[in-house]
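The values are calculated or read from the model by the stated rules, or taken from the named source; none is laboratory data. Bear in mind the structure is a predicted one, so any value in this text is a computation, not a measurement. All Cβ positions, even for glycine, are placed from backbone atoms using ideal geometry, and neighbour counts span all protein chains on display.
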Amino acid sequence: MLAVYLATSEVENDRRAINVKQGMYKARKERRWMRRAPFGYINTLSPEGEKCIIPKEPEATWIRKTFELVAEGSLSISQIHKLTQSWGFTCSSSSFYKLLHHPVYCGKIVVPAFEQKKAYLTKGKHQGIVSVVLFEEVQKLLQNRAPKRRSSRPHDSLPLRGFIYCPLCQKRLTGSSSKGRFGKLYFYYHCRTPCRYRIRADHLNKYLIEALESLSPGEVYKSVLGDMMEELHLDIQRKMNLEHAQISKSMENLIGRGIKAHDLYLKGEIDAEDYMLIKSDCEKSTKALGAELRSLIRREVTTKKQARKVIRWLSHLDKLYQKLDFSSRQQLLSLLFKGKAVLETSGFAHATNRTTRLIFRLELSDKELKKTQQAKDEELENPYFKKIWQAEKRKGHILSLEQLSKCIAFLKNFYRLASN
Ligand SMILES: [Zn+2]
(Lines give C-alpha, C1' and ligand atoms only; values in the text may rest on other atoms or scores of the structure.)
Protein backbone atom coordinates (compact mmCIF):
# COMPACT_ATOMS: atom_id res chain seq x y z
CA MET A 1 0.00 0.00 0.00
CA LEU A 2 2.79 2.38 0.95
CA ALA A 3 4.55 1.66 -2.35
CA VAL A 4 1.43 2.56 -4.30
CA TYR A 5 1.05 5.73 -2.27
CA LEU A 6 4.68 6.77 -2.90
CA ALA A 7 4.40 6.03 -6.57
CA THR A 8 1.18 8.03 -6.92
CA SER A 9 2.48 11.04 -5.00
CA GLU A 10 5.56 11.15 -7.17
CA VAL A 11 3.38 10.94 -10.22
CA GLU A 12 1.13 13.66 -8.75
CA ASN A 13 4.14 15.97 -8.39
CA ASP A 14 5.16 15.28 -11.94
CA ARG A 15 1.72 16.14 -13.13
CA ARG A 16 1.47 19.35 -11.13
CA ALA A 17 4.84 20.67 -12.32
CA ILE A 18 3.96 19.98 -15.92
CA ASN A 19 0.54 21.64 -15.53
CA VAL A 20 1.92 24.88 -14.06
CA LYS A 21 4.56 25.21 -16.77
CA GLN A 22 2.09 24.45 -19.50
CA GLY A 23 -0.49 26.80 -18.01
CA MET A 24 1.90 29.76 -18.01
CA TYR A 25 3.01 29.00 -21.51
CA LYS A 26 -0.56 28.62 -22.72
CA ALA A 27 -1.59 31.98 -21.24
CA ARG A 28 1.34 33.73 -22.89
CA LYS A 29 0.59 31.99 -26.14
CA GLU A 30 -2.99 33.22 -25.88
CA ARG A 31 -1.40 36.65 -25.62
CA ARG A 32 -2.50 37.38 -22.06
CA TRP A 33 -0.30 39.14 -19.45
CA MET A 34 -0.40 36.85 -16.39
CA ARG A 35 1.93 38.41 -13.85
CA ARG A 36 1.62 41.58 -11.78
CA ALA A 37 0.82 44.49 -14.06
CA PRO A 38 3.86 46.52 -15.19
CA PHE A 39 4.10 50.21 -14.32
CA GLY A 40 1.36 52.14 -16.19
CA TYR A 41 -1.13 49.23 -16.10
CA ILE A 42 -3.42 47.55 -13.55
CA ASN A 43 -4.52 43.92 -13.32
CA THR A 44 -8.20 43.26 -13.95
CA LEU A 45 -10.61 40.71 -15.47
CA SER A 46 -11.92 40.92 -19.03
CA PRO A 47 -15.69 40.70 -19.74
CA GLU A 48 -15.06 37.00 -20.50
CA GLY A 49 -13.62 36.61 -17.00
CA GLU A 50 -9.99 36.22 -18.12
CA LYS A 51 -7.08 37.83 -16.29
CA CYS A 52 -5.78 40.88 -18.19
CA ILE A 53 -4.19 44.31 -17.80
CA ILE A 54 -5.47 47.78 -18.76
CA PRO A 55 -3.72 51.21 -18.85
CA LYS A 56 -3.85 53.25 -15.68
CA GLU A 57 -3.86 57.05 -15.51
CA PRO A 58 -1.94 59.29 -15.05
CA GLU A 59 0.96 56.83 -15.41
CA ALA A 60 -0.02 55.81 -18.96
CA THR A 61 0.08 59.44 -20.09
CA TRP A 62 3.52 59.91 -18.45
CA ILE A 63 4.82 56.91 -20.36
CA ARG A 64 3.41 58.14 -23.68
CA LYS A 65 4.95 61.59 -23.13
CA THR A 66 8.29 59.99 -22.22
CA PHE A 67 8.46 57.96 -25.43
CA GLU A 68 7.54 61.07 -27.44
CA LEU A 69 10.29 63.11 -25.79
CA VAL A 70 12.90 60.42 -26.50
CA ALA A 71 11.80 60.18 -30.14
CA GLU A 72 12.05 63.96 -30.47
CA GLY A 73 15.73 63.63 -29.65
CA SER A 74 16.42 67.11 -28.27
CA LEU A 75 16.97 65.98 -24.66
CA SER A 76 19.28 63.27 -23.31
CA ILE A 77 17.75 60.26 -21.57
CA SER A 78 18.93 61.42 -18.18
CA GLN A 79 17.46 64.90 -18.79
CA ILE A 80 14.15 63.28 -19.70
CA HIS A 81 14.39 61.08 -16.63
CA LYS A 82 14.82 64.18 -14.45
CA LEU A 83 11.91 65.90 -16.15
CA THR A 84 9.57 62.97 -15.57
CA GLN A 85 10.43 63.05 -11.88
CA SER A 86 8.97 66.56 -11.72
CA TRP A 87 5.64 65.06 -12.90
CA GLY A 88 5.68 62.70 -9.93
CA PHE A 89 6.88 59.75 -12.04
CA THR A 90 9.57 58.40 -9.74
CA CYS A 91 11.73 55.43 -10.67
CA SER A 92 15.44 54.65 -10.70
CA SER A 93 17.38 55.37 -13.86
CA SER A 94 17.92 51.67 -14.51
CA SER A 95 14.17 50.92 -14.33
CA PHE A 96 13.63 53.98 -16.51
CA TYR A 97 15.88 52.46 -19.21
CA LYS A 98 14.17 49.09 -18.84
CA LEU A 99 10.78 50.73 -19.24
CA LEU A 100 11.89 52.32 -22.52
CA HIS A 101 12.81 48.87 -23.86
CA HIS A 102 9.73 46.97 -22.65
CA PRO A 103 7.57 45.74 -25.58
CA VAL A 104 4.50 45.54 -23.31
CA TYR A 105 4.06 49.31 -23.85
CA CYS A 106 3.42 48.91 -27.57
CA GLY A 107 0.93 46.12 -26.88
CA LYS A 108 3.27 43.17 -27.36
CA ILE A 109 3.99 40.13 -25.22
CA VAL A 110 7.04 37.87 -25.01
CA VAL A 111 6.09 34.19 -25.29
CA PRO A 112 8.95 32.47 -23.41
CA ALA A 113 10.90 29.52 -24.76
CA PHE A 114 9.09 26.26 -24.03
CA GLU A 115 10.15 22.73 -24.81
CA GLN A 116 11.58 22.86 -28.32
CA LYS A 117 10.01 26.23 -29.21
CA LYS A 118 12.11 29.40 -29.07
CA ALA A 119 10.91 32.59 -27.33
CA TYR A 120 9.12 35.05 -29.58
CA LEU A 121 7.28 38.36 -29.54
CA THR A 122 3.55 38.52 -30.31
CA LYS A 123 0.71 41.03 -30.25
CA GLY A 124 -0.89 40.94 -26.78
CA LYS A 125 -4.59 41.14 -25.93
CA HIS A 126 -3.92 44.25 -23.85
CA GLN A 127 -4.00 47.79 -25.19
CA GLY A 128 -0.61 49.37 -25.95
CA ILE A 129 0.22 52.77 -24.45
CA VAL A 130 2.38 53.86 -27.41
CA SER A 131 2.19 52.88 -31.09
CA VAL A 132 4.47 50.19 -32.48
CA VAL A 133 6.02 52.79 -34.82
CA LEU A 134 6.89 55.11 -31.93
CA PHE A 135 8.25 52.22 -29.87
CA GLU A 136 10.52 51.02 -32.66
CA GLU A 137 11.72 54.54 -33.36
CA VAL A 138 12.74 54.87 -29.71
CA GLN A 139 14.54 51.49 -29.82
CA LYS A 140 16.61 52.66 -32.79
CA LEU A 141 17.51 55.89 -31.05
CA LEU A 142 18.50 54.07 -27.87
CA GLN A 143 20.71 51.71 -29.82
CA ASN A 144 22.52 54.59 -31.49
CA ARG A 145 22.98 56.35 -28.20
CA ALA A 146 24.38 53.34 -26.40
CA PRO A 147 28.03 53.52 -27.58
CA LYS A 148 28.28 57.16 -26.53
CA ARG A 149 27.51 56.24 -22.96
CA ARG A 150 30.50 53.92 -22.90
CA SER A 151 33.17 56.31 -24.12
CA SER A 152 35.80 55.05 -21.67
CA ARG A 153 35.35 51.45 -22.79
CA PRO A 154 38.71 49.73 -23.29
CA HIS A 155 39.48 49.82 -26.95
CA ASP A 156 40.75 46.72 -28.71
CA SER A 157 43.51 48.72 -30.35
CA LEU A 158 44.83 49.88 -26.99
CA PRO A 159 45.41 46.75 -24.91
CA LEU A 160 48.26 48.37 -23.00
CA ARG A 161 46.23 51.34 -21.86
CA GLY A 162 46.46 51.85 -18.14
CA PHE A 163 49.21 49.29 -18.02
CA ILE A 164 52.37 51.09 -18.90
CA TYR A 165 53.92 54.20 -17.46
CA CYS A 166 55.49 57.19 -19.13
CA PRO A 167 59.27 56.90 -19.64
CA LEU A 168 59.62 60.67 -19.11
CA CYS A 169 57.55 61.39 -16.05
CA GLN A 170 56.47 57.94 -14.86
CA LYS A 171 52.76 58.76 -14.96
CA ARG A 172 50.35 56.15 -16.24
CA LEU A 173 49.90 56.37 -20.00
CA THR A 174 46.43 56.62 -21.44
CA GLY A 175 45.35 56.18 -25.04
CA SER A 176 43.14 57.68 -27.70
CA SER A 177 42.68 57.85 -31.43
CA SER A 178 43.13 60.64 -33.94
CA LYS A 179 42.13 60.89 -37.55
CA GLY A 180 44.88 60.95 -40.15
CA ARG A 181 44.89 63.06 -43.29
CA PHE A 182 42.87 60.53 -45.29
CA GLY A 183 40.39 59.81 -42.57
CA LYS A 184 42.21 56.74 -41.25
CA LEU A 185 42.14 56.32 -37.48
CA TYR A 186 45.47 56.14 -35.65
CA PHE A 187 45.72 55.07 -32.05
CA TYR A 188 48.25 56.51 -29.61
CA TYR A 189 49.33 55.94 -26.07
CA HIS A 190 50.03 59.27 -24.52
CA CYS A 191 50.86 61.00 -21.29
CA ARG A 192 48.81 63.76 -19.69
CA THR A 193 49.57 67.48 -19.95
CA PRO A 194 52.01 69.07 -19.41
CA CYS A 195 54.02 65.99 -20.51
CA ARG A 196 53.84 65.56 -24.26
CA TYR A 197 55.08 61.99 -24.57
CA ARG A 198 53.20 59.85 -27.04
CA ILE A 199 53.79 56.70 -29.07
CA ARG A 200 51.80 55.05 -31.84
CA ALA A 201 49.82 52.10 -30.50
CA ASP A 202 50.41 49.82 -33.48
CA HIS A 203 54.19 50.30 -33.19
CA LEU A 204 54.16 49.58 -29.49
CA ASN A 205 51.89 46.55 -29.97
CA LYS A 206 54.33 45.23 -32.55
CA TYR A 207 57.24 45.59 -30.11
CA LEU A 208 55.19 43.78 -27.54
CA ILE A 209 54.48 40.85 -29.86
CA GLU A 210 58.20 40.64 -30.73
CA ALA A 211 59.10 40.71 -27.07
CA LEU A 212 56.63 37.92 -26.31
CA GLU A 213 57.97 35.90 -29.20
CA SER A 214 61.48 36.11 -27.78
CA LEU A 215 60.44 34.69 -24.40
CA SER A 216 61.40 31.07 -24.01
CA PRO A 217 60.72 29.20 -20.79
CA GLY A 218 63.22 27.04 -18.92
CA GLU A 219 62.76 23.29 -19.43
CA VAL A 220 61.88 22.64 -15.80
CA TYR A 221 58.92 25.05 -15.94
CA LYS A 222 57.48 23.35 -19.01
CA SER A 223 57.90 20.03 -17.28
CA VAL A 224 56.24 21.22 -14.03
CA LEU A 225 53.37 22.71 -16.04
CA GLY A 226 52.99 19.30 -17.69
CA ASP A 227 52.91 17.57 -14.28
CA MET A 228 50.35 20.05 -13.01
CA MET A 229 48.12 19.44 -16.00
CA GLU A 230 48.46 15.70 -15.56
CA GLU A 231 47.35 15.96 -11.95
CA LEU A 232 44.50 18.25 -12.88
CA HIS A 233 43.45 15.88 -15.59
CA LEU A 234 43.30 12.96 -13.18
CA ASP A 235 41.15 15.08 -10.89
CA ILE A 236 38.82 15.98 -13.75
CA GLN A 237 38.71 12.34 -14.75
CA ARG A 238 37.59 11.37 -11.23
CA LYS A 239 34.86 13.99 -11.26
CA MET A 240 33.72 12.90 -14.69
CA ASN A 241 33.51 9.27 -13.64
CA LEU A 242 31.35 10.35 -10.73
CA GLU A 243 29.14 12.42 -13.01
CA HIS A 244 28.92 9.55 -15.43
CA ALA A 245 27.68 7.24 -12.66
CA GLN A 246 25.13 9.85 -11.50
CA ILE A 247 23.72 10.27 -14.98
CA SER A 248 23.38 6.52 -15.43
CA LYS A 249 21.58 6.28 -12.08
CA SER A 250 19.15 9.06 -13.02
CA MET A 251 18.43 7.32 -16.29
CA GLU A 252 17.58 4.12 -14.48
CA ASN A 253 15.26 6.04 -12.12
CA LEU A 254 13.49 7.63 -15.04
CA ILE A 255 12.88 4.32 -16.70
CA GLY A 256 11.56 2.99 -13.36
CA ARG A 257 9.21 5.94 -13.08
CA GLY A 258 7.87 5.32 -16.56
CA ILE A 259 7.17 1.70 -15.69
CA LYS A 260 5.46 2.70 -12.42
CA ALA A 261 3.22 5.18 -14.22
CA HIS A 262 2.33 2.53 -16.77
CA ASP A 263 1.41 0.18 -13.94
CA LEU A 264 -0.83 2.77 -12.31
CA TYR A 265 -2.44 3.46 -15.63
CA LEU A 266 -3.21 -0.23 -16.20
CA LYS A 267 -4.73 -0.44 -12.70
CA GLY A 268 -6.87 2.59 -13.56
CA GLU A 269 -5.35 4.81 -10.86
CA ILE A 270 -4.31 7.52 -13.31
CA ASP A 271 -6.02 8.38 -16.58
CA ALA A 272 -4.59 8.13 -20.08
CA GLU A 273 -3.87 11.83 -20.38
CA ASP A 274 -1.77 11.90 -17.20
CA TYR A 275 0.03 8.76 -18.22
CA MET A 276 0.94 10.27 -21.60
CA LEU A 277 2.18 13.45 -19.92
CA ILE A 278 4.44 11.52 -17.55
CA LYS A 279 5.62 9.24 -20.30
CA SER A 280 6.58 12.10 -22.59
CA ASP A 281 8.27 13.92 -19.71
CA CYS A 282 10.31 10.80 -18.87
CA GLU A 283 11.30 10.38 -22.49
CA LYS A 284 12.33 13.99 -22.75
CA SER A 285 14.44 13.80 -19.58
CA THR A 286 16.08 10.60 -20.78
CA LYS A 287 16.98 12.29 -24.04
CA ALA A 288 18.46 15.26 -22.14
CA LEU A 289 20.53 12.95 -19.95
CA GLY A 290 21.81 11.15 -23.05
CA ALA A 291 22.93 14.47 -24.49
CA GLU A 292 24.65 15.31 -21.20
CA LEU A 293 26.51 12.03 -21.32
CA ARG A 294 27.71 12.66 -24.84
CA SER A 295 28.92 16.16 -23.95
CA LEU A 296 30.77 14.70 -20.96
CA ILE A 297 32.71 12.40 -23.27
CA ARG A 298 33.46 15.25 -25.65
CA ARG A 299 34.71 17.36 -22.73
CA GLU A 300 37.11 14.62 -21.73
CA VAL A 301 38.69 14.56 -25.17
CA THR A 302 38.99 18.35 -25.22
CA THR A 303 40.78 18.52 -21.86
CA LYS A 304 43.44 16.15 -23.14
CA LYS A 305 43.98 18.20 -26.28
CA GLN A 306 43.96 21.38 -24.25
CA ALA A 307 46.74 20.19 -21.97
CA ARG A 308 49.10 19.73 -24.89
CA LYS A 309 48.16 23.15 -26.27
CA VAL A 310 48.74 24.96 -22.96
CA ILE A 311 52.28 23.60 -22.69
CA ARG A 312 53.01 24.63 -26.27
CA TRP A 313 51.69 28.11 -25.59
CA LEU A 314 54.13 28.69 -22.76
CA SER A 315 56.82 28.71 -25.47
CA HIS A 316 54.74 30.81 -27.88
CA LEU A 317 53.33 33.63 -25.81
CA ASP A 318 53.04 35.84 -28.89
CA LYS A 319 50.65 33.39 -30.52
CA LEU A 320 48.65 32.97 -27.33
CA TYR A 321 48.45 36.73 -26.87
CA GLN A 322 47.07 37.27 -30.35
CA LYS A 323 44.42 34.65 -29.81
CA LEU A 324 43.15 36.00 -26.49
CA ASP A 325 40.32 38.48 -26.04
CA PHE A 326 40.88 41.90 -24.58
CA SER A 327 40.50 41.13 -20.90
CA SER A 328 42.53 37.91 -21.10
CA ARG A 329 45.30 39.84 -22.83
CA GLN A 330 45.39 42.21 -19.91
CA GLN A 331 45.48 39.28 -17.52
CA LEU A 332 48.44 37.81 -19.36
CA LEU A 333 50.25 41.14 -19.28
CA SER A 334 49.67 41.52 -15.58
CA LEU A 335 51.05 38.04 -15.10
CA LEU A 336 54.23 38.97 -16.97
CA PHE A 337 54.76 42.57 -15.97
CA LYS A 338 55.64 44.37 -12.80
CA GLY A 339 52.86 46.26 -11.06
CA LYS A 340 54.22 49.39 -12.64
CA ALA A 341 55.70 48.71 -16.05
CA VAL A 342 57.69 51.73 -17.16
CA LEU A 343 58.14 51.80 -20.87
CA GLU A 344 61.76 51.76 -21.97
CA THR A 345 63.21 52.24 -25.39
CA SER A 346 65.18 49.03 -25.03
CA GLY A 347 61.99 46.96 -25.05
CA PHE A 348 59.81 45.15 -22.58
CA ALA A 349 62.34 43.04 -20.71
CA HIS A 350 62.66 45.69 -17.98
CA ALA A 351 58.94 45.69 -17.48
CA THR A 352 58.71 42.00 -16.65
CA ASN A 353 58.49 40.91 -13.05
CA ARG A 354 60.97 38.71 -11.25
CA THR A 355 58.99 35.49 -11.61
CA THR A 356 58.70 36.00 -15.36
CA ARG A 357 62.44 36.59 -15.58
CA LEU A 358 63.12 33.43 -13.69
CA ILE A 359 60.76 31.26 -15.74
CA PHE A 360 61.82 32.72 -19.07
CA ARG A 361 65.51 32.75 -18.25
CA LEU A 362 65.94 36.51 -18.55
CA GLU A 363 68.86 38.12 -16.83
CA LEU A 364 68.30 38.72 -13.14
CA SER A 365 69.90 41.72 -11.47
CA ASP A 366 72.18 41.36 -8.46
CA LYS A 367 69.40 42.74 -6.31
CA GLU A 368 66.99 40.13 -7.61
CA LEU A 369 69.54 37.42 -6.98
CA LYS A 370 70.22 38.55 -3.43
CA LYS A 371 70.43 35.42 -1.37
CA THR A 372 67.80 35.77 1.34
CA GLN A 373 65.92 33.06 3.16
CA GLN A 374 66.95 30.35 0.76
CA ALA A 375 64.83 27.27 0.97
CA LYS A 376 66.55 24.11 2.16
CA ASP A 377 66.26 20.86 0.28
CA GLU A 378 64.74 19.06 3.26
CA GLU A 379 62.01 21.73 3.65
CA LEU A 380 60.60 21.00 0.24
CA GLU A 381 57.74 18.55 0.52
CA ASN A 382 55.86 19.81 -2.51
CA PRO A 383 57.20 17.86 -5.52
CA TYR A 384 56.80 20.88 -7.82
CA PHE A 385 58.82 23.05 -5.47
CA LYS A 386 61.49 20.39 -5.27
CA LYS A 387 61.76 19.95 -9.01
CA ILE A 388 62.17 23.68 -9.67
CA TRP A 389 64.48 24.20 -6.72
CA GLN A 390 66.83 21.46 -7.85
CA ALA A 391 66.90 22.64 -11.47
CA GLU A 392 67.65 26.22 -10.43
CA LYS A 393 70.29 25.04 -7.97
CA ARG A 394 72.17 23.36 -10.79
CA LYS A 395 72.37 26.78 -12.44
CA GLY A 396 73.60 28.32 -9.22
CA HIS A 397 70.34 29.97 -8.06
CA ILE A 398 69.07 28.99 -4.66
CA LEU A 399 65.41 29.97 -4.55
CA SER A 400 63.40 30.94 -1.48
CA LEU A 401 60.05 29.36 -0.61
CA GLU A 402 58.36 32.61 -1.58
CA GLN A 403 59.97 32.57 -5.01
CA LEU A 404 58.99 28.96 -5.53
CA SER A 405 55.38 29.56 -4.62
CA LYS A 406 55.29 32.57 -6.95
CA CYS A 407 56.51 30.37 -9.81
CA ILE A 408 53.80 27.81 -9.10
CA ALA A 409 51.16 30.55 -8.88
CA PHE A 410 52.38 31.89 -12.23
CA LEU A 411 52.04 28.48 -13.87
CA LYS A 412 48.61 27.90 -12.36
CA ASN A 413 47.37 31.30 -13.54
CA PHE A 414 48.91 30.70 -16.92
CA TYR A 415 47.09 27.41 -17.21
CA ARG A 416 43.77 29.03 -16.32
CA LEU A 417 44.27 31.76 -18.88
CA ALA A 418 45.51 29.58 -21.71
CA SER A 419 42.90 26.85 -21.32
CA ASN A 420 39.93 29.20 -21.59
ZN1 LIG B 1 54.88 61.74 -19.17
**Complete:** Residue set 204, 185; condition loosely packed, with under 14 Cβ neighbours inside 10 Å, among the hydrophobic types (A, V, I, L, M, F, W, C) and under 33 Å from the mean Cα position of the chain (by Cα); output residue 185
**Message:** Taking the conditions exactly as written (free of Cβ contacts under 8 Å to residues at least 12 places away in the same chain and either among the charged types (D, E, K, R) or surrounded by 13 or more Cβ atoms within 10 Å (Cβ to Cβ) (or both)), does residue 305 satisfy them or not?
**Reply:** yes
**Message:** Residue under question is residue 242, and the condition is that it be surrounded by fewer than 11 Cβ atoms within 10 Å (Cβ to Cβ) and closer than 27 Å to residue 412 by Cα; does it hold?
**Reply:** yes
**Item:** For residue 53: the one exception among (1) surrounded by 13 or more Cβ atoms within 10 Å (Cβ to Cβ); (2) modelled with pLDDT under 85; (3) of a type in the set (Val, Ile, Thr)
**Value:** (2)
**Request:** Look at residue 217 and say whether it is under 31 Å from the mean Cα position of the chain (by Cα) and not hydroxyl-bearing (Ser, Thr, Tyr).
**Result:** yes
**Request:** Could you figure out which of (1) within 16 Å of the ligand (Cβ to nearest atom); (2) closer than 30 Å to residue 79 by Cα isn't true of residue 160?
**Result:** (2)
**Message:** Being at pLDDT below 75 and acidic (Asp, Glu) is true for just one of 10, 68, 48, 59. Which residue is that?
**Reply:** 10
**Request:** Check off (1) modelled with pLDDT of 85 or more; (2) not in a loop (DSSP other than H, G, I, E, B) for residue 127 and give me the number that stays unchecked.
**Result:** (2)
**Message:** Need the failing condition index for residue 319 against (1) in contact with a Phe, Trp or Tyr (Cβ under 9 Å, 6 or more places away or on another chain); (2) crowded, with 16+ Cβ neighbours inside 10 Å; (3) not hydrophobic (A, V, I, L, M, F, W, C), just the number.
**Reply:** (2)
**Asked** Quick one: is residue 198 in contact with a His (Cβ under 6 Å, 6 or more places away or on another chain) and within 16 Å of the ligand (Cβ to nearest atom)?
**Response** yes
**Request:** Only residues that are outside any loop (DSSP other than H, G, I, E, B) and either of a type in the set (A, V, I, L, M) or at pLDDT 90 or above (or both): list them for the stretch 71-95, please.
**Result:** 71, 77, 80, 83
**Message:** With the requirement that a residue be charged (D, E, K, R) and either more than 8 Å from the ligand (Cβ to nearest atom) or free of Cβ contacts under 8 Å to residues at least 12 places away in the same chain (or both), what does the stretch 163-195 give you?
**Reply:** 172, 179, 181, 184
